[in-house]
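None of the figures in this text is laboratory data; all of them are computed from the coordinates on show. Not measured: the values here are computed from a predicted model. No Cβ is skipped: glycine too gets one built from the backbone with ideal geometry, and neighbour counts run over all protein chains shown.
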Amino acid sequence: MIPEEAVSPSGAVFGWADESGEDKYGNWASFSVAGADGALVGQRLRWIPSGRFMMGSPADEEGRWDDEGPRHEVVFASGFWLFETACRQELWQAVMGNNPSRFKGPTLPVECVSFEDVERFLAKLNAVKPGLGLVLPSEAQWEYACRAGTDTAYSFGKEISRQQVNFGSDGTVRVGSRPANNWGLFEMHGNVLEWCADTWHRTYDGAPADGAAWIDEGAAPHVIRNGSWFGYTRLVRAAYRAWYSPAVCIGDLGFRCARVQ
């Protein structure tokens with residue numbers, strides 16, 4: 001069943017979803033858009049439940065950086081939707097009519113996209129699908145979803161393998177090809193870095209406690225989360241965070257979308 005707060009009286013999910021259901025991970029819904037050839041390209045989202053978690057890393061976590069603290073509680077009064085995977089190249093192509101990626105393949109994650117590129121993608125997709133209302137997740141939403149109820153360095157535990165996470169490799173892998181976390185989200189560790197809505201802050205001093213994006217006005221650097229195919233174990237921990245200028249586009253930098261309405 002789709003969460004009650006996400007369902008209209010008619011049973012449709014605000015008109016934006018083509019399909020919806022429930023499986024062992026929880027609730028899901030999907031939408032589709034038509035590409036230039038008329039073929040439909042779908043995208044599934046997962047319902048991330050309300051709750052609370054400790055954001056950041058403990059002082060004794062191996063590989064920790066100071067910008068991952070101070071560790072603090074974040075409370076989500078409401079749940080939200082999140083792409084099950086990073087945005088695929090075929091979805092980007094259907095919406096934008098081009099494919100900027102270094103590693104080409106329809107089911108590989110799109111990369112070489114800047115924050116500014118992603119903003120244009122979101123504006124165009126939301127215009128094509130009224131009521132969809134996609135945004136980039138906040139940094140807190142991203143880490144909460146990545147951890148999926150866990151508090152270890154990785155959602156899989158204290159250690160990881162290359163069978164679980166694409167890191168230290170030669171390039172991206174197909175989205176959904178590594179095991180999902182407890183909430184049905186794929187590649188929340190490794191494969192591609194992912195843009196978040198927040199502008200960069202050196203520490204969490206003064207960070208919102210409700211999971212909202214922490215945004216300063218202007219063209220400040222934006223937060224990126226996750227590690228990538230290029231990184232190593234320290235860089236794919238749940239608490240890892242870094243930043244890039246909004247104009248940067250490189251071959252291990254992609255994104256996934258959230259829906260908070």
Residue-by-residue Karplus 3J(HN,Hα) for region 60-77, coefficients 6.51, -1.76, 1.60, Hz, glycine and proline x: 9, 6, 5, x, 5, 10, 5, 6, 8, x, x, 5, 8, 7, 10, 10, 9, 6
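Quick one: grab the alpha carbon gyration tensor of region 132-219, order the square roots of its eigenvalues as a ≥ b ≥ c, and give me rounded if a/c is under 1.5, else prolate or oblate depending on whether a/b is larger than b/c. Could the numbers behind the result be given before it?
Numbers: a/c = 1.92, a/b = 1.65, b/c = 1.16.
Taking the square roots of the gyration eigenvalues as a ≥ b ≥ c, region 132-219 is prolate.
Tell me, in nm to one decimal, what length is gained between Arg120 and Asp66 on full extension, where the rule is 0.36 nm per residue of separation less the Cα-Cα distance? Don't skip to the end; give the middle numbers.
Working: separation 54, 0.36 × 54 = 19.44 nm, distance 3.30 nm.
That pair, Arg120 and Asp66, stretches by 16.1 nm at full extension.
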10 Å binning of all Cα-Cα separations within region 14-115, expressed as whole percents from 0 upward: 13, 28, 29, 24, 6, 0
Just how many % of Cα pairs in region 204-261 lie over 18 Å apart, if you round to the nearest whole percent? 47 percent
Can you give me the pair-distance distribution of region 4-259, C-alpha pairs, 5 Å bins, whole percents? 1, 6, 14, 19, 21, 18, 13, 6, 2, 0, 0
Sort 105-111, 188-194, 131-137, 47-53 by the packing proxy (mean of other Cβ within 10 Å over each peptide's residues), most packed first. 188-194, 105-111, 131-137, 47-53
Mind listing the phi-derived Karplus ³J(HN,Hα) values for region 83-95, rounded to whole Hz, using 6.51, -1.76 and 1.60 with θ = phi - 60°, and x for any glycine or proline? 3, 5, 9, 4, 4, 7, 4, 5, 6, 4, 4, 5, 7
Projected label distance in nm at Ser78 and Thr203, using a 7 Å step from Cα toward the beta-carbon: 3.3 nm
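Stretched out fully, how many nm does the piece from Asn99 to Ser30 gain, at 0.36 nm a residue minus the Cα gap?
Values: separation 69, 0.36 × 69 = 24.84 nm, distance 2.23 nm.
Contour length minus the Cα-Cα distance gives 22.6 nm.
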Straight-line reach from Lys129: which aspartates and glutamates fall under 12 Å, measuring Cα to Cα and dropping same-chain residues less than 8 apart? Asp18
Take the alpha carbon gyration tensor of region 86-175, find the square roots of its eigenvalues, order them as a ≥ b ≥ c, and report rounded if a/c is under 1.5; if not, report prolate when a/b exceeds b/c, else oblate. oblate
Give me, ordered by chain and number, the residues 5 or more places off Asn166 or on other chains with an amide H under 5 Å from its own placed amide H. Asn191
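With a Förster radius of 51 Å, plug the Cβ-Cβ distance of Ala59 and Asp37 into 1/(1 + (r/R0)^6) and report the FRET value to the nearest 0.05.
Numbers: r = 54 Å, r/R0 = 1.05.
Approximately 0.45, to the nearest 0.05.
Need the full-extension length gain, Asp18 to Thr150, defined as separation in residues times 0.36 nm minus the C-alpha distance. One decimal, nm. Could the numbers behind the result be given before it?
Numbers: separation 132, 0.36 × 132 = 47.52 nm, distance 3.12 nm.
Difference between extended and current length: 44.4 nm.
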How far is it, in nm, from the label point at Thr107 to the one at Ser177 when both lie 7 Å from their Cα along the line to the Cβ? 0.9 nm
Can you list the residues, at least 5 places off or on another chain, whose amide H is less than 5 Å from the amide H of Arg88, using H built in the peptide plane? Val110
Please give every one of the lysines within straight-line cross-link reach of Lys124, meaning a C-alpha to C-alpha distance under 25 Å, and leave out same-chain neighbours fewer than 8 residues apart. Lys104
Residues Tyr154, Tyr240 arranged by fewest to most Cβ contacts within 10 Å: Tyr154, Tyr240
